[in-house]
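Novice: My structure is below; once you've seen it, I'll send some questions.
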Amino acid sequence: MTMGHDIHTLKDASALLRRVWRNAIPFFLSIELALMVLVAIATVAGVFFAAMGDLRSVLAFGFVIAYVGTRSVLHVKRIVSWPFI
């Protein structure tokens, strides 16, 4: 699919939008997206806890590092096939 779509009517635009969402919905419903959002939240929480001097930052950063490490190993072993960062 190229970026130069011939969209002349609202019907063409809505059909293209439906097709894009239909193709993207498996990703948005995947556990992978949820894990990436969880890692982003853990990173922000780790920075916040570190700024507050709280030891929970170690737990948050530990989760992030463990996720990235585990995901890297799974990618190298070809258990998962698409980039994650």
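The values are calculated or read from the model by the stated rules, or taken from the named source; none is laboratory data. Model, not experiment: these values are computed from the prediction. Here Cβ is always computed from backbone atoms with ideal geometry, including for glycine, and neighbour counts include all displayed protein chains. The accessibility values were calculated without ligands, DNA or RNA, using every heavy atom of the protein model including side chains. Shrake-Rupley method; radii C 1.70, N 1.55, O 1.52, S 1.80 Å.
Novice: Mind listing whichever residues of region 1-57 are touching a residue at least 24 places away in the same chain (Cβ under 8 Å) and loosely packed, with under 11 Cβ neighbours inside 10 Å?
Specialist: The answer is none; no residue qualifies.
Novice: Give me the pairs, please: first residue somewhere in region 67-80 and among the β-branched types (V, I, T), second residue anywhere and in a helix (DSSP H, G or I) and open to solvent by less than 50 Å² (accessible area, probe 1.4 Å), beta-carbon distance under 6 Å, and either six or more positions apart or on two chains.
Specialist: From region 67-80, no pairs qualify.
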